[in-house]
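To start, the structure itself, in structure tokens.
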Amino acid sequence: MRDYRLISADSHINEPPDLWTSRLPKKLKDRAPRMQRFEEGDAWIIEGAIGPINFGLNACGGLPPEKQSPWAKFEDIRRGGWDPKERLKEQDKDGVDAEVLYSTPRPLNTIFWNNKDPEWHLACIQAYNNWLSEYCSYAPDRLSGVAVMPTIGAAAAVKELQRTMKLPGMGSVVLGRWPNGSDNIADEDDKFFAVAEEAGVAVNIHVGFATEAPRAHSGSKRDSVIVGGIRIMDVPVRIQELVYSLALDRFPKLIVPLVEVDCGWVPYIKEQLNDRFHRQNPRTRPQAKMLPSGYMERNFRYVFITDNFGIAQRHWIGVDKVMWSSDYPHTGADWPLSWKSIEKSFGGVPADEKQAILAGNAARIYHLPPAKTPKRAPAKAGAR
């Protein structure tokens, strides 16, 4: 098998301009998300969005801060976002052995999760998942696709999970709302959780649920402060929902990675949820089989970009529950110097723990396949 030394459990692609215009059914083509040229650069025009959705900050990994801009022309961004052959070169330059790949959340999938037309919603999601499978099948030992799940009812989500997990290059799924389409777990969602658990498919939550239609990055000072800031605000709510609905008692083997939310907060949330649980009336609180912290240790995983405190507190979190993210090609990326950043954070961490956090945990959770090529020499860029 490939000697995985560094796996990003959270990286991204850049959707090509013709993804939906070339793939949606004929009767929906006039409503297909499309890219349009503006004076400032290119942006997506998508039904339900609040104005054109730019993508410059989703494609600026490796640029110095002073050169990062919300607006960009598609032909000016790196090709690896949509060309898998080029993506492998970008991985090699950064010393990354494999990546778990998500969509561009703000401009695209948030729209799908907020659109009220189930036919359009499902068609757009299936077109994206098909494209991502084609992209990742180029090198499935290095590119693991995360299929977007529809949120128009659990039955549709079950069908799409079963369909996409048969496609080459696909390894897990992501939810933007609960399968029933709301922010509250419903009984019907058990159908989806049951299938995911039985198949051993990780059900990811990336940053948080989509609760409103997105708008473009403005480039203003206020926007610059908010974008990419504290990302943990939503996931403690989702933890409580899964615990208090008793879904994790019914599906004890379900794995829910909380992605791009870091991990230093985990011990605090464990303590506080346990405290609140103990203070509730035993007759009226949910009859959970464990304290909330037990589910956080058994069912959840945590993906960080840079979290020195979290690494220092790794034993309070669980070494086997933490995974590294490059976030490439978004603003959080240290590409092509990820190893240099890692070495600054992992001083004093034993080699076996370091390997688990940087590669082993992700390879196991996302079922990365054996390598089809010989072990590669270390990349020249960055420090190992």
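The values are calculated or read from the model by the stated rules, or taken from the named source; none is laboratory data. Small disclaimer: the values here were computed from a predicted structure and weren't measured. Heads up, the Cβs are rebuilt from the backbone with ideal geometry, glycines too, and the neighbour counts pull from every protein chain shown.
Observations on the structure shown:
- Restricting segment 91-105 to residues that are in contact with a His (Cβ under 8 Å, 6 or more places away or on another chain) and either in a helix (DSSP H, G or I) or among the polar types (S, T, N, Q) (or both), the residue that is modelled with the highest pLDDT: 103
- Residue count for segment 1-41 satisfying the condition of being among the hydrophobic types (A, V, I, L, M, F, W, C) and in contact with a Leu (Cβ under 8 Å, 6 or more places away or on another chain): 4.
- Residue within segment 356-367 that is under 14 Å from residue 5 (Cα atoms), part of a loop (DSSP other than H, G, I, E, B) and either of a type in the set (Gly, Ala, Ser) or touching a residue at least 40 places away in the same chain (Cβ under 8 Å) (or both) present: no
- Of all positions in segment 61-83, none carries a residue that is over 30 Å from residue 324 (Cβ atoms), out of contact with any helix residue (DSSP H, G or I) (no Cβ under 6 Å at 6 or more places or on another chain), surrounded by fewer than 16 Cβ atoms within 10 Å (Cβ to Cβ) and modelled with pLDDT under 90.
- Taken as a whole, segment 173-194 holds no residue that is over 14 Å from the mean Cα position of the chain (by Cα) and closer than 23 Å to residue 363 by Cβ.
- Number of the condition not met by residue 18 [criteria: (1) part of a loop (DSSP other than H, G, I, E, B); (2) under 16 Å from residue 125 (Cα atoms); (3) in contact with a helix residue (DSSP H, G or I) (Cβ under 9 Å, 6 or more places away or on another chain)]: (3)
- Test result for residue 88, of a type in the set (A, V, I, L, M, F, W, C) and in a loop (DSSP other than H, G, I, E, B): no
- Of the criteria (1) touching an Asp or Glu at 6+ places or on another chain (Cβ under 9 Å); (2) over 27 Å from residue 330 (Cβ atoms), which one residue 156 fails: (1)
- Filter result (part of a loop (DSSP other than H, G, I, E, B) and buried (at least 22 other Cβ atoms within 10 Å of the Cβ)) within segment 182-201: 201
- Here residue 83 clears all of (1) within 21 Å of residue 22 (Cα to Cα); (2) of a type outside the set (Phe, Trp, Tyr); (3) touching a residue at least 12 places away in the same chain (Cβ under 8 Å) except the condition numbered (3).
- Residue in segment 139-156 that is within 19 Å of the chain's Cα centre (by Cα), part of a helix (DSSP H, G or I) and surrounded by 19 or more Cβ atoms within 10 Å (Cβ to Cβ) present: no
- Some residue of segment 94-109 being more than 19 Å from the chain's Cα centre (by Cα) and either touching a residue at least 60 places away in the same chain (Cβ under 8 Å) or closer than 20 Å to residue 147 by Cβ (or both): yes
- Residue 350 vs. criteria surrounded by fewer than 23 Cβ atoms within 10 Å (Cβ to Cβ), out of contact with any strand residue (DSSP E or B) (no Cβ under 6 Å at 6 or more places or on another chain) and modelled with pLDDT under 95: no
- The single condition among (1) touching a residue at least 24 places away in the same chain (Cβ under 8 Å); (2) within 25 Å of residue 349 (Cβ to Cβ); (3) out of contact with any Ser or Thr (no Cβ under 6 Å at 6 or more places or on another chain) that residue 308 does not satisfy is (3).
- Residue selection: residue 233 satisfies the criterion of being at pLDDT below 95 and farther than 29 Å from residue 91 by Cα.
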